[in-house]
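> Here's a structure for you.
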Amino acid sequence: MKNPIKRIVLLLLALFSITITAQETFSDTFSSVSYANNDGTQNWSTNWQEFNDNNNASSGYIRIINNELRFAYIWSENIIRSADLSSYSTASLSFDWQTSSLESGETLVIQISSDGSSFTTLDTFSGTQSGTFDQDITSYISSNTTIRFRKGGNDWSGNNDRTYIDNVTISTTSVPQIDSDGDGVIDVVDLDDDNDGITDEEEYCSTISASFLASSDVGERNVVINHTDTGYLRIDFSSMDNSFQLDINGSTVHPSVLEFENGALDAGDEYFVFQSDGSFISQPWVANSNGIPRLRLIVNEFGQISLYGSRTTSSTTLELMEAQGGTAFNTIAWIPGNNNTFTLTNQQGPGPEGFTGELFASAICDTDGDGISNEFDLDSDNDGIYDIVESGVLNESGVTDSNNDGIIDGATVGSGSNGLYNAIEDVDTDYAILSYSILDSDTDGSYDAYVLDADGDGCNDTREAGFTDNNDDGYLGPNPVTVDANGLVTSGSDGYTTPSDNDSNTTYDYREAGSAPNITSQPVNTTTCPGCTTTISATVTADSYQWQYYNGGSWLDLSDSGVYSGATTNTLTINPTTSQNNVQYRLLTNNDEYICGTTTSNTATLTLQVNTVISNRRITYRVNKN
């Protein structure tokens, strides 16, 4: 079946609805004997430059030979190359290496610099061995990021001392600096990208929330959880004893195992401490007394990772944590539309091991299929009711939308550093939690803003709100539907005004489950005489009643006039004339909060029968009433 939504292809819409993480590479595979090779998607800002050698790619102690960069008999000779990484948000350096006959104390080191003059050693290679180097260098991103190969220890003493380097690659990602809602916070760190009062996390869909429990004192164990089309991940550890690693699709979130207990560092571990003061978390294996997690790890839609902890078992807030040695988290590459596998590993150690917690995974989604994902869409189901209305956030103190644009008034200046309106969050941090509960009127697990029948009564929200739905598909207006850059329907004739509350009980009808009236006793055929008062009635409770009669071609409404009264009650009173003989009647009933259902009674026929007959001999006969 064709999608009823007409996608508007506009550059502006694309900017607001499509979030792209650009991935670029700077690479040299040494496929030609030149220091100017550019084998990636971007060009290096300089060629390779030798120091204390002849700066010739085809000769000298450093040269390109057999499609590799070769180092031989190195004393003071070194080589550098630079790239402009200033426009990227993450970067990693990788290459293949092989050493031969490097004696004790003879090494080759890889170093990095953000200014081209002050270098930090990343790794050291020695002996006769080979491998692949791959490390995050995000903290060294600059307009002059420079890598350098040089000796790290003693002078190489023999002509057979060799090291070979190949496939040198800097892989980068860049996050768009888009601020869709104009609140001064770019989307990548904005918890509410459209300022409708619903966090982006809550606007994702295809979610999984999996609890895991691992026993203590049983050694290393894994918990594997799968989820399709992930775009966001959150793991809350209620307890942690005392280290873990998370692997996503074969890549770990950090180069080292994350260790949280001071004094428990094993090989391959790195301590994680609070960023503000470098202190350790206290007793992470004991659950917090007020229910917040001891640790929270988040992987956002760009694959960027952040970690938080509650400092003590009674802490009321989470604080940012980092690797003690400053090693950055890896960047995760999500697999759109495919399965993602999360493997949590609790490491074996000298003491108890165990963790408990919950993993929440979600997909970036577009509920109404209009080309604008929910976190940017002010009407995520195209029913003509703003998300800000359907969420219930307008019921919160200090939250208004007086100009009726679907955005919280003052949100552009009152949303703090995390982009979420201050009046509806617990704290202005990048892990803030909403201080109100998003409405789910029929408690089916789906918020009102993303379903077409919020109260589950079989009547679509568009109609119950009092708006036009030409083809009863639940979308505002006719088919096809067109929308603007904010996801608002532009092809409808109405919508985006205050929804109906026909029974005036302060609950909008689309939120209030209703039903059509139930007639428990149907009208019956009635016989009377001309001029004799009679009634036709039904037993039913409803908000409105309307009696009709059939004129031989159509049903017409009755009113209280002439021979009729009670035309808008459940009992029709008739004082008939002969013209009402054999006329058919029926009752239509409605409930105010349920616009979709009219209950129509059975048909009742009125038969007129005279009560006396006068013969042509002036003799009066009384007719048996039966």
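The values are calculated or read from the model by the stated rules, or taken from the named source; none is laboratory data. For clarity, every value in this text was computed on a predicted model and none was experimentally measured. Because the Cβ atoms are built from the backbone with ideal geometry, glycine has one as well, and the counts that use them run over all protein chains shown. SASA here: full protein model, heavy atoms, side chains in, ligands and nucleic acids out. Shrake-Rupley method; radii C 1.70, N 1.55, O 1.52, S 1.80 Å.
> Full-extension gain between Glu103 and Asn403, please, as 0.36 nm times their residue separation minus the C-alpha to C-alpha distance. Could you put the intermediate results ahead of the total?
Values: separation 300, 0.36 × 300 = 108.00 nm, distance 7.62 nm.
Gain in length upon complete extension: 100.4 nm.
> A further question on this structure: Using the Kirkwood radius over Cα pairs, work out the Stokes-Einstein diffusion coefficient for the chain at 10 °C and 1.306 mPa s, in µm²/s as a whole number.
Stokes-Einstein gives a translational diffusion coefficient of 52 µm²/s.
> Moving on. What size of dipole, in debye to the nearest 20, comes out for the stretch 473-611 about its Cα centre when the only charges are +1 on Lys and Arg C-beta atoms and -1 on Asp and Glu C-beta atoms?
On the way: 2 positive and 12 negative charges, 147 e Å.
My answer is approximately 700 debye.
> Mind checking the full-extension length gain between Asp134 and Thr533? Use 0.36 nm per residue of separation minus the Cα-Cα distance, one decimal, nm.
Details: separation 399, 0.36 × 399 = 143.64 nm, distance 9.74 nm.
So the extension gain works out to 133.9 nm.
> Quick one: Cα centre-to-centre distance for the stretch 21-81 and the stretch 485-525, in angstrom?
71
> Select from Gln324, Ser561, Asn226 the residue farthest towards the positive end of the dipole of the chain; place +1 on Cβ of Lys and Arg, -1 on Cβ of Asp and Glu, and compute about the Cα centre.
Farthest towards the positive end: Ser561.
> Please give the peptides 263-274, 225-236 ranked by average Cβ packing (other Cβ atoms within 10 Å per residue), highest first, as a rough proxy for protection.
The peptides rank, most packed first, as 225-236, 263-274.
> With only Lys, Arg, Asp and Glu charged, each at its Cβ (+1 for the first two, -1 for the last two), find how big the charge dipole of the stretch 208-279 is about the Cα centre; round to the nearest 20 debye.
Dipole size: approximately 300 debye.
> Treat every Asp and Glu Cβ in the chain as -1 and every Lys and Arg Cβ as +1, leave all other atoms uncharged, and give the resulting dipole magnitude about the Cα centre to the nearest 20 debye.
The calculation lands at about 2400 debye.
> Right, something else. Below 8 Å, C-alpha to C-alpha, sequence gap of six or more: please give me the relative contact order for the stretch 400-505 in percent.
RCO, the stretch 400-505: 13 percent.
> Just the accessible area per residue of the chain, please: how many Å² with a 1.4 Å probe? Don't jump to the answer; show the numbers that get you there.
Values: 27570 Å² over 626 residues.
Normalised by residue count, the accessible surface of the chain is 44 Å².
> Mean projection of the alpha-carbon convex hull of the stretch 139-274 over all orientations, in nm²?
Mean shadow area of the hull around the Cα atoms is 15.2 nm².
> Hey, another quick one. If I compute solvent accessible area with a 1.4 Å probe over the protein chains, what percent of it on the chain is carbon and sulfur?
Roughly 45 percent of what the probe reaches on the chain is carbon or sulfur.
> Taking the Cα centre of the stretch 427-580 as the origin and placing charges on Cβ (Lys, Arg +1; Asp, Glu -1), which of Asn486, Tyr549, Thr498 is farthest toward the positive end of the dipole?
Among Asn486, Tyr549, Thr498, the one farthest towards the positive end of the dipole of the stretch 427-580 is Tyr549.
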